[in-house]
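Down below is the structure, laid out as C-alpha coordinates.
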Amino acid sequence: MKSTNEMKLTMESRSVNEGFARVAVTAFTAQLDPTIEEINDIKTAVSEAVTNCIVHAYPETVGRIYISASIYDNLTVRIKIRDSGVGIPDIKKAMEPLYTSLGGERAGLGFAVMESFMDKVRVRSVPGKGTTVTLEKKIRGRDE
Amino acid sequence: MAARIFYEKDTMTVFLDGEIDHHSAAIIRAGIDEAILASRPGTLVLDFGGITFMDSSGIGLVMGRYRLLRALGGELVMTNLPESISKVMRLAGLEKLGRIEEREVTV
(Lines give C-alpha, C1' and ligand atoms only; values in the text may rest on other atoms or scores of the structure.)
Protein backbone atom coordinates (compact mmCIF):
# COMPACT_ATOMS: atom_id res chain seq x y z
CA MET A 1 0.00 0.00 0.00
CA LYS A 2 1.28 3.45 -0.89
CA SER A 3 1.45 6.11 1.79
CA THR A 4 -0.37 9.38 1.26
CA ASN A 5 1.87 11.42 3.54
CA GLU A 6 5.08 10.91 5.44
CA MET A 7 7.59 12.61 7.71
CA LYS A 8 11.07 11.87 9.00
CA LEU A 9 13.06 13.21 11.84
CA THR A 10 16.43 12.49 13.39
CA MET A 11 17.43 13.30 16.92
CA GLU A 12 20.12 12.58 19.45
CA SER A 13 19.44 9.93 22.10
CA ARG A 14 19.12 12.41 24.95
CA SER A 15 16.36 11.77 27.46
CA VAL A 16 15.22 15.39 27.23
CA ASN A 17 14.13 14.57 23.63
CA GLU A 18 11.58 11.94 24.72
CA GLY A 19 8.85 14.55 25.05
CA PHE A 20 9.72 16.13 21.71
CA ALA A 21 9.60 12.77 19.89
CA ARG A 22 6.16 11.71 21.14
CA VAL A 23 4.64 15.16 20.58
CA ALA A 24 6.12 15.43 17.05
CA VAL A 25 4.69 12.06 16.01
CA THR A 26 1.25 12.72 17.47
CA ALA A 27 1.16 16.20 15.92
CA PHE A 28 1.79 14.57 12.51
CA THR A 29 -0.95 11.99 13.20
CA ALA A 30 -3.42 14.74 14.10
CA GLN A 31 -4.42 15.06 10.40
CA LEU A 32 -6.28 11.73 10.78
CA ASP A 33 -8.49 13.36 13.42
CA PRO A 34 -7.79 10.84 16.20
CA THR A 35 -9.62 10.81 19.51
CA ILE A 36 -7.85 11.95 22.67
CA GLU A 37 -7.47 8.30 23.66
CA GLU A 38 -5.87 7.40 20.33
CA ILE A 39 -3.48 10.35 20.63
CA ASN A 40 -2.55 9.21 24.12
CA ASP A 41 -2.02 5.61 22.94
CA ILE A 42 0.39 6.70 20.20
CA LYS A 43 2.16 9.16 22.48
CA THR A 44 2.74 6.45 25.08
CA ALA A 45 3.92 3.81 22.58
CA VAL A 46 6.36 6.23 20.91
CA SER A 47 7.65 7.28 24.31
CA GLU A 48 8.38 3.63 25.18
CA ALA A 49 10.19 2.94 21.90
CA VAL A 50 12.30 6.10 22.11
CA THR A 51 13.14 5.43 25.77
CA ASN A 52 14.37 1.97 24.74
CA CYS A 53 16.76 3.59 22.24
CA ILE A 54 18.09 5.96 24.90
CA VAL A 55 18.37 3.43 27.73
CA HIS A 56 19.23 0.21 25.89
CA ALA A 57 20.52 0.93 22.37
CA TYR A 58 23.01 3.60 23.41
CA PRO A 59 23.72 2.81 27.07
CA GLU A 60 27.00 4.72 27.41
CA THR A 61 26.95 6.97 24.38
CA VAL A 62 24.73 9.47 22.61
CA GLY A 63 23.68 8.10 19.24
CA ARG A 64 21.05 8.96 16.68
CA ILE A 65 17.41 7.96 16.69
CA TYR A 66 15.62 7.95 13.34
CA ILE A 67 11.85 8.32 13.42
CA SER A 68 9.56 8.18 10.43
CA ALA A 69 5.81 8.11 10.18
CA SER A 70 3.60 7.33 7.21
CA ILE A 71 -0.11 7.71 6.73
CA TYR A 72 -2.11 5.38 4.52
CA ASP A 73 -5.46 5.66 2.74
CA ASN A 74 -7.16 3.35 5.18
CA LEU A 75 -6.43 5.85 8.00
CA THR A 76 -3.54 3.82 9.34
CA VAL A 77 -0.39 5.39 10.70
CA ARG A 78 2.86 3.44 10.62
CA ILE A 79 5.69 4.71 12.80
CA LYS A 80 9.27 3.45 12.57
CA ILE A 81 11.75 4.09 15.35
CA ARG A 82 15.27 3.03 14.42
CA ASP A 83 18.64 3.18 16.11
CA SER A 84 22.10 1.98 15.23
CA GLY A 85 22.91 0.89 18.75
CA VAL A 86 23.82 -2.37 20.44
CA GLY A 87 20.84 -4.40 19.21
CA ILE A 88 18.72 -6.95 21.07
CA PRO A 89 20.21 -10.47 21.38
CA ASP A 90 16.89 -12.15 22.25
CA ILE A 91 13.84 -10.25 20.99
CA LYS A 92 11.33 -12.75 22.36
CA LYS A 93 12.74 -12.39 25.85
CA ALA A 94 12.99 -8.59 25.57
CA MET A 95 9.27 -8.45 24.74
CA GLU A 96 8.17 -10.52 27.74
CA PRO A 97 6.18 -8.40 30.19
CA LEU A 98 8.17 -7.49 33.31
CA TYR A 99 11.46 -8.67 31.80
CA THR A 100 14.17 -6.04 31.93
CA SER A 101 17.87 -6.37 31.32
CA LEU A 102 18.49 -3.41 33.61
CA GLY A 103 16.50 -4.01 36.78
CA GLY A 104 16.20 -1.22 39.32
CA GLU A 105 13.76 1.42 38.23
CA ARG A 106 12.79 -0.11 34.88
CA ALA A 107 9.42 -1.84 35.01
CA GLY A 108 10.08 -4.07 31.98
CA LEU A 109 6.77 -3.05 30.44
CA GLY A 110 7.88 -1.03 27.41
CA PHE A 111 6.97 -3.61 24.75
CA ALA A 112 3.83 -4.70 26.67
CA VAL A 113 2.62 -1.08 26.54
CA MET A 114 3.44 -0.79 22.83
CA GLU A 115 1.58 -4.04 22.09
CA SER A 116 -1.51 -3.14 24.05
CA PHE A 117 -1.72 0.47 22.82
CA MET A 118 -1.04 -0.15 19.11
CA ASP A 119 -2.58 -2.58 16.60
CA LYS A 120 0.76 -4.01 15.43
CA VAL A 121 4.30 -4.00 16.80
CA ARG A 122 7.24 -5.41 14.83
CA VAL A 123 10.79 -5.57 16.09
CA ARG A 124 13.85 -6.24 13.97
CA SER A 125 17.25 -6.23 15.54
CA VAL A 126 20.80 -7.20 14.70
CA PRO A 127 23.21 -7.29 17.63
CA GLY A 128 25.92 -4.70 17.10
CA LYS A 129 23.99 -3.02 14.27
CA GLY A 130 20.78 -1.70 15.75
CA THR A 131 17.06 -2.11 16.16
CA THR A 132 13.95 -1.02 14.26
CA VAL A 133 10.57 -0.96 15.98
CA THR A 134 7.55 -0.54 13.72
CA LEU A 135 4.27 0.54 15.30
CA GLU A 136 0.98 0.57 13.45
CA LYS A 137 -2.43 1.84 14.40
CA LYS A 138 -5.66 2.39 12.53
CA ILE A 139 -7.24 5.67 13.54
CA ARG A 140 -10.95 5.19 14.03
CA GLY A 141 -11.55 8.72 15.27
CA ARG A 142 -14.89 9.82 16.54
CA ASP A 143 -16.88 7.58 14.17
CA GLU A 144 -16.35 4.62 16.44
CA MET B 1 9.39 19.34 37.04
CA ALA B 2 9.63 19.37 40.80
CA ALA B 3 7.15 17.43 42.88
CA ARG B 4 5.57 19.41 45.72
CA ILE B 5 5.71 17.58 49.02
CA PHE B 6 3.56 18.13 52.09
CA TYR B 7 3.51 16.48 55.50
CA GLU B 8 0.70 15.86 57.93
CA LYS B 9 1.45 13.74 60.99
CA ASP B 10 3.23 10.67 59.57
CA THR B 11 1.71 11.01 56.11
CA MET B 12 3.80 12.43 53.31
CA THR B 13 1.88 13.58 50.25
CA VAL B 14 3.58 14.15 46.91
CA PHE B 15 1.66 16.23 44.37
CA LEU B 16 2.89 15.14 40.95
CA ASP B 17 2.27 17.30 37.94
CA GLY B 18 3.16 17.49 34.28
CA GLU B 19 4.53 14.49 32.39
CA ILE B 20 6.21 11.38 33.77
CA ASP B 21 8.63 9.74 31.37
CA HIS B 22 12.11 8.27 31.72
CA HIS B 23 13.61 11.78 31.68
CA SER B 24 11.41 13.37 34.34
CA ALA B 25 11.10 10.20 36.47
CA ALA B 26 14.79 10.42 37.41
CA ILE B 27 14.32 13.96 38.72
CA ILE B 28 11.08 13.18 40.57
CA ARG B 29 12.57 10.02 42.08
CA ALA B 30 15.56 11.87 43.55
CA GLY B 31 13.29 14.43 45.26
CA ILE B 32 10.87 11.86 46.68
CA ASP B 33 13.54 9.47 47.94
CA GLU B 34 15.43 12.22 49.72
CA ALA B 35 12.20 13.23 51.49
CA ILE B 36 11.24 9.62 52.33
CA LEU B 37 14.62 8.88 53.85
CA ALA B 38 14.57 12.13 55.83
CA SER B 39 11.03 11.78 57.21
CA ARG B 40 10.36 8.00 57.17
CA PRO B 41 6.60 8.41 56.63
CA GLY B 42 4.10 5.75 57.72
CA THR B 43 2.07 6.52 54.61
CA LEU B 44 3.18 7.93 51.28
CA VAL B 45 0.39 9.44 49.19
CA LEU B 46 1.19 9.90 45.51
CA ASP B 47 -1.33 12.37 44.08
CA PHE B 48 -1.51 12.05 40.29
CA GLY B 49 -4.11 14.83 39.89
CA GLY B 50 -1.79 17.09 37.87
CA ILE B 51 -0.34 14.41 35.60
CA THR B 52 -1.01 14.92 31.89
CA PHE B 53 1.08 12.04 30.53
CA MET B 54 2.71 8.91 31.92
CA ASP B 55 4.49 5.97 30.30
CA SER B 56 5.97 2.83 31.87
CA SER B 57 8.73 4.89 33.49
CA GLY B 58 5.97 6.12 35.82
CA ILE B 59 5.20 2.50 36.64
CA GLY B 60 8.86 1.97 37.49
CA LEU B 61 8.75 5.08 39.65
CA VAL B 62 5.77 3.78 41.65
CA MET B 63 7.23 0.26 41.96
CA GLY B 64 10.55 1.64 43.20
CA ARG B 65 8.90 3.85 45.83
CA TYR B 66 6.71 0.92 46.91
CA ARG B 67 9.79 -1.20 47.51
CA LEU B 68 11.59 1.53 49.43
CA LEU B 69 8.53 2.21 51.56
CA ARG B 70 7.95 -1.44 52.29
CA ALA B 71 11.56 -1.78 53.43
CA LEU B 72 10.89 1.07 55.87
CA GLY B 73 7.57 -0.38 57.02
CA GLY B 74 5.32 2.20 55.37
CA GLU B 75 2.33 1.93 53.02
CA LEU B 76 1.60 3.46 49.65
CA VAL B 77 -1.57 5.24 48.60
CA MET B 78 -2.25 6.49 45.07
CA THR B 79 -4.92 9.09 44.51
CA ASN B 80 -6.57 11.30 41.86
CA LEU B 81 -5.58 9.11 38.92
CA PRO B 82 -6.52 10.84 35.67
CA GLU B 83 -8.33 8.83 33.02
CA SER B 84 -5.42 9.33 30.59
CA ILE B 85 -3.04 7.27 32.73
CA SER B 86 -5.49 4.64 33.95
CA LYS B 87 -4.78 2.41 30.93
CA VAL B 88 -1.05 2.15 31.65
CA MET B 89 -1.77 1.73 35.38
CA ARG B 90 -4.18 -1.15 34.75
CA LEU B 91 -1.75 -2.83 32.37
CA ALA B 92 0.87 -2.85 35.11
CA GLY B 93 -1.57 -4.01 37.80
CA LEU B 94 -0.46 -1.18 40.06
CA GLU B 95 -3.52 -1.57 42.28
CA LYS B 96 -1.70 -4.56 43.78
CA LEU B 97 1.08 -2.35 45.13
CA GLY B 98 -0.94 0.13 47.09
CA ARG B 99 -4.36 1.45 47.88
CA ILE B 100 -5.99 3.58 45.22
CA GLU B 101 -8.18 6.26 46.72
CA GLU B 102 -10.42 8.86 45.22
CA ARG B 103 -10.09 11.87 47.41
CA GLU B 104 -9.57 15.55 47.61
CA VAL B 105 -6.48 16.44 49.55
CA THR B 106 -6.65 19.97 50.85
CA VAL B 107 -3.43 21.87 51.21
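The values are calculated or read from the model by the stated rules, or taken from the named source; none is laboratory data. No experiment lies behind these values; they were computed from the predicted model shown. Note that each Cβ is placed from the backbone with ideal geometry, even for glycine, and that neighbours are counted across all protein chains shown. What goes into the accessible areas is simple: the full protein's heavy atoms, side chains included, and nothing from ligands, DNA or RNA. Shrake-Rupley method; radii C 1.70, N 1.55, O 1.52, S 1.80 Å.
For B:Ile27, the conditions (1) open to solvent by 60 Å² or more (accessible area, probe 1.4 Å); (2) in contact with a strand residue (DSSP E or B) (Cβ under 9 Å, 6 or more places away or on another chain) all hold with the exception of (2). Taking the stretch A:14-105 as the region of interest, the helices (runs of 4 or more DSSP H) fully inside it that hold 2 or more residues being over 26 Å from A:Met1 (Cα atoms) and more than 14 Å from every other protein chain (Cβ to nearest Cβ) are A:91-94.
Can you say whether B:Leu37 is open to solvent by less than 20 Å² (accessible area, probe 1.4 Å), farther than 21 Å from A:Ile54 by Cβ, free of Cβ contacts under 8 Å to residues at least 40 places away in the same chain and in contact with a helix residue (DSSP H, G or I) (Cβ under 9 Å, 6 or more places away or on another chain), as far as the supplied structure shows? No. Taking each residue of the stretch B:87-102 that is on the phi > 0 side of the Ramachandran plot and within 14 Å of chain A (Cβ to nearest Cβ) and looking for partners that are of a type in the set (S, T, N, Q) and open to solvent by 100 Å² or more (accessible area, probe 1.4 Å) with beta-carbon atoms closer than 7 Å, six or more apart or interchain, yields nothing.
Condition test on B:Gly60, is it part of a helix (DSSP H, G or I) and open to solvent by less than 50 Å² (accessible area, probe 1.4 Å)? Full working, then the answer.
Numbers: part of a helix (DSSP H, G or I): yes; open to solvent by less than 50 Å² (accessible area, probe 1.4 Å): yes.
In short, yes.
Annotation: A:Glu136 fulfils all but one of (1) open to solvent by 80 Å² or more (accessible area, probe 1.4 Å); (2) more than 14 Å from every other protein chain (Cβ to nearest Cβ); (3) among the acidic types (Asp, Glu); the unmet one is (1).
Report, by residue number, each residue of the stretch A:21-35 that is hydrophobic (A, V, I, L, M, F, W, C) and either closer than 14 Å to A:Glu48 by Cβ or under 13 Å from the mean Cα position of the chain (by Cα) (or both).
Of the residues in the stretch A:21-35, the ones hydrophobic (A, V, I, L, M, F, W, C) are A:21, A:23-25, A:27-28, A:30, A:32.
Hits for the stretch A:21-35 are A:Ala21, A:Val23, A:Ala24, A:Val25.
Of the listed requirements (1) more than 28 Å from B:Met89 (Cα to Cα); (2) under 15 Å from the mean Cα position of the chain (by Cα), A:Glu60 misses just one: (2).
Being surrounded by 19 or more Cβ atoms within 10 Å (Cβ to Cβ) and farther than 19 Å from A:Arg106 by Cα narrows it down to one residue among B:Phe6, B:Phe48, B:Phe53; which is it?
Numbers: B:Phe6 fails: surrounded by 19 or more Cβ atoms within 10 Å (Cβ to Cβ); B:Phe53 fails: farther than 19 Å from A:Arg106 by Cα.
Sole residue among the options that is surrounded by 19 or more Cβ atoms within 10 Å (Cβ to Cβ) and farther than 19 Å from A:Arg106 by Cα: B:Phe48.
Residues checked against (1) surrounded by 22 or more Cβ atoms within 10 Å (Cβ to Cβ); (2) farther than 28 Å from B:Gly64 by Cα; (3) in contact with a strand residue (DSSP E or B) (Cβ under 7 Å, 6 or more places away or on another chain):
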| position | (1), (2), (3) |
| --- | --- |
| A:Gly85 | yes, no, yes |
| A:Glu96 | no, no, no |
| A:Leu109 | yes, no, no |
| A:Arg122 | no, yes, yes |
| A:Pro127 | no, yes, no |
| A:Gly141 | no, yes, no |
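Checking each residue in the stretch A:112-129 for being acidic (Asp, Glu) and assigned to a helix (DSSP H, G or I) picks out only A:Glu115.
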